[in-house]
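Remarks on the structure that follows.
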Amino acid sequence: MRINLLCHTYEFIVCCALLYTFLKQDLDAYAAMYAGMAKLLRLMHIASRCRSLRVDALRLALNHVQTTHNVSMYRSIHSQLVEAINKYVLYIASFCGY
């Protein structure tokens, strides 16, 4: 049982690394392969799983949700984006000595 869990964890890490490599090159092109709610859900999944792509994925999701009438999802994505940007700014500021 433990070996299975380790194998699945390793496969997940490798899959995430490959996905990150692909997505970092062109997240816009990857998102363009989806439409509607599938696009929003895919971008939200990426934002929740990959910290380095979080801001970009949320930005794309926010742009896409503006084409819908889903106000609650807009508010949710907007608040997550603001939070992610604030964390990023604090992270960068810590390196600059602020």
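Of note:
- Restricting attention to segment 51-98, the residues that are in a loop (DSSP other than H, G, I, E, B) and more than 18 Å from A38 (Cα to Cα) total 2.
- Scanning segment 45-81 for residues that are of a type in the set (A, V, I, L, M, F, W, C) and more than 24 Å from A29 (Cα to Cα) yields one hit, V71.
- Enumeration of residues in segment 37-68 that are under 13 Å from L81 (Cα atoms) and among the charged types (D, E, K, R): R51, R54, D56, R59
- Hey, S79 surrounded by fewer than 18 Cβ atoms within 10 Å (Cβ to Cβ), of a type in the set (S, T, N, Q), out of contact with any strand residue (DSSP E or B) (no Cβ under 7 Å at 6 or more places or on another chain) and at pLDDT 85 or above or not: yes
- Across segment 82-98, the qualifying residues are those that are of a type outside the set (A, V, I, L, M) and loosely packed, with under 11 Cβ neighbours inside 10 Å, and the one among them that is nearest to V55 (Cα to Cα) is N86.
- When L23, L18 are screened for being at pLDDT below 85, touching a Cys at 6+ places or on another chain (Cβ under 8 Å), aliphatic (A, V, I, L, M) and within 29 Å of Y91 (Cα to Cα), only L23 passes.
The values are calculated or read from the model by the stated rules, or taken from the named source; none is laboratory data. Predicted model only: the values in this text are computed from it and were never measured. Note that each Cβ is placed from the backbone with ideal geometry, even for glycine, and that neighbours are counted across all protein chains shown.
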